[in-house]
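First comes the structure, then the notes that go with it.
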Amino acid sequence: MRYVAACGMLTGLANAMLKQAQMPLTKFAITTARWLRDAPRQAPWRGKVFAQLVSLLKTDGIPLALRAQSVAAFYWSGDPGAAPLFRQFLRTTSFELLQLAALGSGAVCDTKAVEQLSGILFAPSPSAQRASCLALVAIGSAPAMEIVARSAIERGRRLASRRCRSSCK
């Protein structure tokens, strides 16, 4: 199917599969997304697949693993629009989506997201914090690594302060 996608002859099949890709049959959207990296950028069905993936990603209440497959599909597509999309989702109030957007930003090594990711390091959600740290390390730029180092030092100070307060009582 990837060969057929590369030849640009999947429009009919992709459209048919996307029509069936409503909950709980989202596997059709993920299957179609696998063809994105081989398909021509101007294939008429690409936009529909990306819209379906964004819908999956934004929908609360569906399994996190399915939403993570959507993030992976954006990464594997190699589409230049993935990084700005993940940066946009880094502004959300949903901690699950924040976690996924951070992982996506790290996967595409988006250096423009470093500042936003640094703010997530101290979010109330431990999962979002870990995802942000992983993303910064994956990006690996000097500013990203400096932020991770400062965060580790700050966390160490906080932990030491708590231990000192509890042992002094």
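Which residues, counting only those in the stretch 84-100, are part of a helix (DSSP H, G or I) and open to solvent by 20 Å² or more (accessible area, probe 1.4 Å)? The answer is Pro84, Leu85, Arg87, Gln88, Phe95, Glu96, Gln99. Residues in the stretch 31-71 that are in a helix (DSSP H, G or I), over 23 Å from Ser94 (Cα atoms) and of a type in the set (S, T, N, Q): Thr31, Thr32.
Counting only residues that are open to solvent by 60 Å² or more (accessible area, probe 1.4 Å) and farther than 23 Å from Glu96 by Cα, the stretch 37-79 holds 5 of them.
Being over 21 Å from Pro63 (Cα atoms), out of contact with any strand residue (DSSP E or B) (no Cβ under 9 Å at 6 or more places or on another chain), of a type in the set (Ser, Thr, Tyr) and part of a helix (DSSP H, G or I) is true for just one of Ser105, Ser132, Ser127, Ser118. Which residue is that?
Numbers: Ser105 fails: over 21 Å from Pro63 (Cα atoms); Ser132 fails: over 21 Å from Pro63 (Cα atoms); Ser127 fails: over 21 Å from Pro63 (Cα atoms).
One residue alone meets the criteria, Ser118.
A Cβ distance below 7 Å, combined with a sequence gap of six or more or placement on separate chains, defines the contacts here; from the stretch 119-138, residues that are over 12 Å from Leu90 (Cα atoms) reach residues that are surrounded by fewer than 16 Cβ atoms within 10 Å (Cβ to Cβ) in the pairs Ala138/Cys109.
Residues that are of a type in the set (Lys, Arg) and touching a Phe, Trp or Tyr at 6+ places or on another chain (Cβ under 9 Å) within the stretch 89-121 are absent altogether. Could we say that Gln88 is under 22 Å from Arg67 (Cα atoms), out of contact with any helix residue (DSSP H, G or I) (no Cβ under 7 Å at 6 or more places or on another chain) and modelled with pLDDT of 95 or more here? Yes. Exactly one residue out of Ala144, Ala160, Ala107, Ala149 is open to solvent by less than 70 Å² (accessible area, probe 1.4 Å) and within 18 Å of Val71 (Cα to Cα): that is Ala107.
Among the residues of the stretch 110-126, write down those that are open to solvent by 30 Å² or more (accessible area, probe 1.4 Å) and farther than 26 Å from Asp79 by Cβ. Working first, answer last.
Going through the stretch 110-126, the residues open to solvent by 30 Å² or more (accessible area, probe 1.4 Å) turn out to be 111-112, 115-116, 118-119, 122, 124, 126.
Within the stretch 110-126, Phe122, Pro124, Pro126 qualify.
The values are calculated or read from the model by the stated rules, or taken from the named source; none is laboratory data. All of these numbers come straight from a predicted model, not from anything done at the bench. Here Cβ is always computed from backbone atoms with ideal geometry, including for glycine, and neighbour counts include all displayed protein chains. The accessibility values were calculated without ligands, DNA or RNA, using every heavy atom of the protein model including side chains. Shrake-Rupley method; radii C 1.70, N 1.55, O 1.52, S 1.80 Å.
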